[in-house]
Every structure is written in structure tokens, then in C-alpha cells.
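Data first, discussion second: the structure below is written as C-alpha cells.
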Amino acid sequence: MASSLVFGYCIIITSLFMGVVFGSNIPTRAFFVFGDSLVDSGNNHFLATSARADAPPYGIDFPTHQPTGRFSNGLNIPDLISEHLGLEPTLPYLSPLLLGEKLLVGANFASAGIGILNDTGFQFMHIIHIYKQLKLFQHYQLRLCAHIGKEEAKKHINNALVLITLGGNDFVNNYYLVPYSARSRQFSLPDYVHYLVSEYRPILKRLHDLGARRVLVTGTGPMGCVPAEIALRSANGDCDVELQRAASLYNPQLVEMIKGLNHEIGSDVFIAANAYQMHMDFVNNPQAYGFVTSKIACCGQGPYNGIGLCTPISNLCPNRDLYAFWDSFHPSERANRIIVQQILTGSTQYMHPMNLTTIMALDSRT
């Protein structure tokens, strides 16, 4: 319904544009990204918010060796998925460079600090909450229509790959942000998890209404094992039990919700990515993956380099490839590569009901 409404407007808009390009140079598959700092490629760079990664040493291993707004030493998960699929990296939707033919590649709408709930990340001020990201996706579709016409635009959206990463901030930057937070007074943890999953469902449904037909949905990682939470909550360097419990409650319920939504739609639109297990593999046995540590962040200060932000005056490790975590919350590029490899080729333990390589093979036949 919503998708047809968007493309209905498209007819009006395209008539205002001369020289519309129809389809000959359209990439076979666009890529769209929604979510938080794990997948933000620089939208917060353009916003008045404290949730930003626009100063060195962020980007130290990026091709330009400059900060880009990615919360990484180099490439993030969307970049690496694009790389494996032979696509250009998607530009942030707020980038002034997202024009003309660049629209055909897709767009990244993610914004650091956001969650499933609108009150998550309130302390970061001006961030793009998830329903605003979906509104920007509608705006994108109108721009695409103006560029390639209604039918090609609709086809391009339906054929696209979508990645959405939400949920972690609803715990670490909401429920557990401070002792006796508003949400923790309102809900017990099991009730809060149930509430989050029930609020996530209409977000995914809306994505489908807007034309998304292949959507990778990541669960939360092991939130109690990130350096920030070990520094804050752990006396002996072990993962925080309470945050690990939150992840263990949330992730299975997310998968069940996705199964139900796919059953309702009658197709495997939504693919659950087990980010928790993907991370725990190298958290539990960092040496097996070539890391010297999965507890200490490469960039930061205080215990485990887990206190505060990564800044130009923070401790900085000389070899980022040896650290599972780049900063107090975010994996290093090398850890991201391990995660993306599981997204591409992982068994059903990691990707349900199928991995991305299988999806691409199936879709190439239609």
C-alpha cells in the first residue's frame, strides 16, 4: 500500500524532470542500510550530535586514512557487504554526493545512537530515529523515480538488498543507561524484551510496505562483553551477566518474530543474522581468530580502554588487526570481516533461514 503510494507520487514528479534516464545503466542490485552506529557510514557527520566519529583516529585504516563518520578504524559491515557483492559503498543519505547515478547504488540511512524506541539515544540530541530513516527512504524513492521513472524505480527497490541493525542501544543507551532508568522502572527485563520485539515488528512491516523484499536483520551482539561494559560492570574482566542475559532473551524472540512475519507475508523476506554468535566466536577464543585480545579496545582509555570515547589523545594500539574491538563498543575492521564472512557463508546457526550467498544464488534465477 505505502509503496504504491510513493510510486503514485512518482508519476507527478517525473513529469517535472526533463531528460529522465531509463534503466540502461542501472546496477543489478541496490543496497540500503538502516540502523545504528554499527552500520552508520557517516550520516551523523552532518548532524549536530555528540554521537559522531569525525575526528582521528577514526578512519585511520580507511583508504583515505581520514575519519568518515564510520565508528571503525576502517571499513564497517555495510562497506564489506558491498565489497563482497562487487558494489560501490553506499553513501550516507545526508551526503551531498548522493546525486544522479549514485542513487542507483542505494543509500545508507543509519544514524549512531538510535534504537527501536524513539526515546533511545535521547542524550545524543539530533539523531535520525528509525521512523525518520524510513521517511527518508520514501524521499529517496521519489528522487529515484525522478531519475529513472516509476516502473524502473519500483523494480530497483524490490530487487534491492536491505540491512537493518537495531536493538543494542535500547539496552545500553536506554534500559541500562543509568541505575533505575525510566524504562527499567516501567518494565522487568523479560517484559521489556517482549515490548522491544513487539515494537520492532511494525518497523520491519513498514520496510516491506515500502518495497523491501530481501532484508538482513541482525540481532544484538554480546552486549556484556564489549570493553565499555567490562570496564563499567565487571570486577574480573568477565562479560557482564545482566547484559548477556538481556541478549539471550532478546535474540531468540527476534528470530521467532521474524519467522512469524515471513509466514504472514508468505515469503522469506526477512533473514535473521545471529550477530551474538558471530561475535562470541572470537570473544571466547580470540587467539583462534588471530586477535591478541577481545577484552581491551584498541582505542580508548581507562580499564580495558573502555572508558569514554576514542579521541586523538586516547591510547591507540599500533596494529588494529590484533584487536577484536576498535573502540569501547565497536568491532575493528578485521572483526567486521569475520562477521561478514558468516553473513555470506554461515550455516543456519548464524543465518536463518539462509545465508547471503544462497540468497544471491536464488535471486539470480528469478
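I need the full set of residues from segment 52-83 which are assigned to a helix (DSSP H, G or I), among the charged types (D, E, K, R) and either open to solvent by less than 30 Å² (accessible area, probe 1.4 Å) or in contact with a Cys (Cβ under 7 Å, 6 or more places away or on another chain) (or both), in order please. If the condition is that a residue be assigned to a helix (DSSP H, G or I), among the charged types (D, E, K, R) and either open to solvent by less than 30 Å² (accessible area, probe 1.4 Å) or in contact with a Cys (Cβ under 7 Å, 6 or more places away or on another chain) (or both), then Asp79 is the only one that fits. Taking the listed residues Tyr323, Tyr304, the one that is open to solvent by 20 Å² or more (accessible area, probe 1.4 Å) and under 24 Å from the mean Cα position of the chain (by Cα) is Tyr323, with no other qualifying. Once segment 84-108 is narrowed to residues that are closer than 22 Å to Glu333 by Cβ and assigned to a loop (DSSP other than H, G, I, E, B), the residue that is most open to solvent (accessible area, probe 1.4 Å) is Glu88.
Looking at this structure, is Leu254 touching a strand residue (DSSP E or B) at 6+ places or on another chain (Cβ under 9 Å) and either open to solvent by 10 Å² or more (accessible area, probe 1.4 Å) or under 28 Å from Tyr131 (Cβ atoms) (or both)? The answer is yes for Leu254. Scanning segment 267-280 for residues that are out of contact with any Lys or Arg (no Cβ under 7 Å at 6 or more places or on another chain) and buried (at least 16 other Cβ atoms within 10 Å of the Cβ) returns Asp268, Phe270, Ile271, Ala272, Ala273, Asn274, Ala275, Tyr276, Gln277, Met278, His279, Met280. Take the conditions (1) more than 23 Å from Val39 (Cα to Cα); (2) assigned to a helix (DSSP H, G or I); (3) open to solvent by 10 Å² or more (accessible area, probe 1.4 Å); Leu261 misses just one of them, which is (3).
Quick test for you: out of Leu344, Leu362, Leu356, pick the one residue that is closer than 25 Å to Val162 by Cβ and without any contact (Cβ under 8 Å) to a residue 12 or more places away in the chain. Break it down into steps so the answer makes sense when it comes.
Values: Leu344 fails: without any contact (Cβ under 8 Å) to a residue 12 or more places away in the chain; Leu356 fails: without any contact (Cβ under 8 Å) to a residue 12 or more places away in the chain.
After applying the criteria, what remains is Leu362.
Quick grid of which residues meet (1) of a type in the set (A, V, I, L, M); (2) closer than 18 Å to Leu204 by Cβ:
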position	(1), (2)
Asp61	no, no
Asn73	no, no
Ile81	yes, no
Ala112	yes, no
Asn118	no, yes
Ala146	yes, no
Thr165	no, yes
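The single condition among (1) more than 19 Å from Asn305 (Cα to Cα); (2) of a type in the set (S, T, N, Q); (3) in contact (Cβ under 8 Å) with a residue 24 or more places away in the chain; (4) part of a loop (DSSP other than H, G, I, E, B) that Ser328 does not meet is (1). Taking every residue in segment 222-236 that is in contact (Cβ under 8 Å) with a residue 60 or more places away in the chain and pairing it with any residue that is in a helix (DSSP H, G or I) and of a type in the set (Val, Ile, Thr), at least 6 positions away or on another chain, the pairs with Cβ-Cβ distances below 9 Å are Pro222/Val283; Cys225/Val283; Val226/Val172; Ala228/Val172; Glu229/Val172. The set of residues in segment 309-320 that are free of Cβ contacts under 8 Å to residues at least 24 places away in the same chain and either under 29 Å from Val255 (Cβ atoms) or over 22 Å from the mean Cα position of the chain (by Cα) (or both) comprises Ile313, Asn315, Cys317, Pro318, Asn319. Note on segment 331-366: among residues that are within 28 Å of Gln253 (Cβ to Cβ) and in a loop (DSSP other than H, G, I, E, B), the one that is least open to solvent (accessible area, probe 1.4 Å) is Gly346. All conditions but one from (1) modelled with pLDDT of 95 or more; (2) open to solvent by 70 Å² or more (accessible area, probe 1.4 Å) apply to Leu309; the one that does not is (1).
The values are calculated or read from the model by the stated rules, or taken from the named source; none is laboratory data. From a predicted model like this one, the values you see are computed outputs, not experimental measurements. Cβ sites come from the backbone with ideal geometry, for glycine too, and all protein chains shown count toward neighbours. Heavy atoms of the whole protein, side chains included, go into the accessibility calculation; ligands, DNA and RNA do not. Shrake-Rupley method; radii C 1.70, N 1.55, O 1.52, S 1.80 Å.
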